[in-house]
Amino acid sequence: MSTTIWVIIVLAACALVGGVIGGIVHARRTRGELAPGAEPAQIQAPPKTPAEPTAAPERPAEAAEPAAEPPAPALEVPEAPATRMVRLRRRLAGSNNHLARALAELLSADRIDEDVWDDFETTLITSDLGVAPATELVEKLRSELAIEGISEPARARQLLRTELVGLVDPNLDRGLNLDHAEGRPAVIMMVGVNGTGKTTTVGKLGRMLVAQGRSVLFGAADTFRAAAAEQLGTWGERVGVRTVRGDEGADPASVAFNAVDEGIATGADVVLVDTAGRLHTKVGLMDELGKVKRVIEKKAPVNEVLLVLDATTGQNGLAQARIFAEVVDVTGIVLTKLDGSAKGGIVVQVQRELGVPVKFIGLGEGADDLAPFDPEGFVDGLLGE
Ligand SMILES: Nc1nc2c(ncn2[C@@H]2O[C@H](COP(=O)(O)OP(=O)(O)OP(=O)(O)O)[C@@H](O)[C@H]2O)c(=O)[nH]1
Ligand SMILES: [Mg+2]
């Protein structure tokens with residue numbers, strides 16, 4: 001073969017190899033594995049710590065394998081309270097910002113006439129503040145602004161903020177009562193209609209309490225569906241809490257009793273009892289709830305009965321609240337799904353109706369999406385900062 005032919009073959013081979021390598025690099029770049037110009041040796045695994053905890057179930061700590069095996073995944077670390085509040089307040093502002101917008105419109109109007117005030121009052125009413133409080137608030141704001149003149153938007157905003165904080169009532173005691181006698185755990189029951197977020201709230205609250213260094217036990221007193229105890233058990237594994245369960249269809253009161261009994265035996269600080277969702281109109285189911293509470297009280301006093309209300313259900317939540325309060329002496333409210341609702345005003349109505357404070361708000365499905373209720377932070381969230 002002539003030298004020329006050999007040269008052609010070698011060049012063709014080089015081109016082929018070069019093309020293949022180029023193709024591979026291109027493919028990896030388009031998959032995001034390689035930064036332009038990066039050497040393969042510099043490829044790094046994506047960070048393993050997501051910004052927000054994910055719902056992936058994890059194994060409980062006691063199920064860890066012997067030392068030779070890879071270590072069991074660490075329990076999720078709860079988000080620090082400060083960053084949690086900043087993140088949640090932003091989320092609240094995101095879903096409730098029509099109040100902030102209405103205020104901005106009010107203040108930017110050339111002339112605040114009857115129509116402008118009416119629109120503003122309507123916004124307050126549609127955020128579930130209730131007709132009477134909304135009317136009172138508008139009257140107050142009108143007269144104060146008339147005295148002071150509307151020229152200063154910041155002052156008007158300040159006035160509205162003060163009035164709203166007053167309506168939400170900063171003087172109510174919103175602390176979770178965790179007092180308990182030596183050798184007997186504090187008991188907290190979660191009650192409410194179907195799907196409001198009871199089980200999720202037990203999980204989130206358990207995580208908060210564990211982060212405070214308390215020993216916690218879950219009681220799965222929702223025995224209607226096997227899946228309910230499974231769901232709570234998964235939360236328990238995720239936050240490092242044992243879940244006491246019964247068989248499907250077992251008497252919920254006896255499961256609650258057993259959970260508190262185990263809490264006594266193990267010296268737990270808190271037992272959180274999840275109950276099945278029930279329509280407030282079903283008398284038999286409401287009686288059953290009363291029985292669960294009475295049976296627990298044979299072992300230890302119930303510190304708190306938290307009524308879990310879905311903020312998106314609006315006025316219906318008030319009817320539920322009234323009936324649950326009659327049956328089980330509700331001591332606090334957890335208002336969930338405020339992240340998806342522009343109806344933050346329901347806080348005011350439900351507190352007025354029951355005379356018990358909103359103690360926690362749910363702002364998402366994540367494990368850290370529960371916040372102790374703080375009137376000033378809440379109003380700032382509503383008004384947008
Ligand atoms: N966006 C949002 N979703 C929530 C919140 N709290 C709970 N959820 C979701 O609401 C749905 C129902 O939650 P669960 O905790 O199962 O409700 P439950 O009250 O235990 O339901 P039942 O036991 O069937 O009565 C789930 O998809 C939750 O992830 C919240 O604050 N925000
Ligand atoms: Mg449930």
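The values are calculated or read from the model by the stated rules, or taken from the named source; none is laboratory data. If you're wondering where the values come from, they're calculated on a predicted model, not measured in any experiment. Counting neighbours? That spans all protein chains shown, and the Cβs are built from the backbone with ideal geometry, glycine included.
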Legend entry - Subset of segment 323-363 that is at pLDDT 90 or above and of a type in the set (Asp, Glu) - its residue that is farthest from LEU307 (Cα to Cα): GLU326
Inset, instruction - Restricting attention to segment 198-222, report how many residues are away from ligand 1 (no atom under 16 Å from the Cβ) and charged (D, E, K, R). - result: 1
Legend entry - Unmet requirement for VAL330, which otherwise passes all of (1) out of contact with any helix residue (DSSP H, G or I) (no Cβ under 7 Å at 6 or more places or on another chain); (2) under 28 Å from GLY249 (Cβ atoms): (1)
Inset, instruction - Give the number of residues within segment 196-216 that are of a type in the set (S, T, N, Q), modelled with pLDDT of 95 or more and more than 16 Å from ligand 2 (Cβ to nearest atom). - result: 1
Inset, instruction - Would you mention how many residues in segment 285-304 are of a type in the set (Asp, Glu) and closer than 28 Å to ARG174 by Cβ? - result: 2
Inset, instruction - Report, by residue number, each residue of segment 188-225 that is small (Gly, Ala, Ser) and more than 26 Å from THR281 (Cβ to Cβ). - result: GLY203, GLY206, ALA211, GLY213, SER215
Inset, instruction - Could you tell me whether any residue of segment 347-365 is in contact with an Asp or Glu (Cβ under 7 Å, 6 or more places away or on another chain), of a type in the set (A, V, I, L, M) and under 29 Å from GLY240 (Cα atoms)? - result: yes
Legend entry - Those strands (runs of 3 or more DSSP E) lying entirely in segment 187-292 with at least 1 residues among the hydroxyl-bearing types (Ser, Thr, Tyr): 242-244, 270-275
Inset, instruction - Within segment 174-189, identify whether any single residue is surrounded by 15 or more Cβ atoms within 10 Å (Cβ to Cβ) and within 16 Å of ligand 1 (Cβ to nearest atom), and answer yes or no. - result: yes
Legend entry - Total residues in segment 82-134, condition within 25 Å of the chain's Cα centre (by Cα) and of a type in the set (Gly, Ala, Ser): 7
Inset, instruction - Would you mind telling me which numbered condition in (1) more than 19 Å from the chain's Cα centre (by Cα); (2) in contact (Cβ under 8 Å) with a residue 12 or more places away in the chain; (3) within 14 Å of ligand 2 (Cβ to nearest atom); (4) over 19 Å from LYS293 (Cα atoms) ASP169 fails? - result: (3)
Legend entry - For ALA342: the one exception among (1) within 23 Å of MET208 (Cα to Cα); (2) surrounded by fewer than 22 Cβ atoms within 10 Å (Cβ to Cβ); (3) more than 13 Å from ligand 1 (Cβ to nearest atom); (4) under 18 Å from the mean Cα position of the chain (by Cα): (1)
Inset, instruction - Please indicate, with yes or no, whether at least one residue in segment 227-246 is surrounded by fewer than 16 Cβ atoms within 10 Å (Cβ to Cβ) and touching a helix residue (DSSP H, G or I) at 6+ places or on another chain (Cβ under 8 Å). - result: no
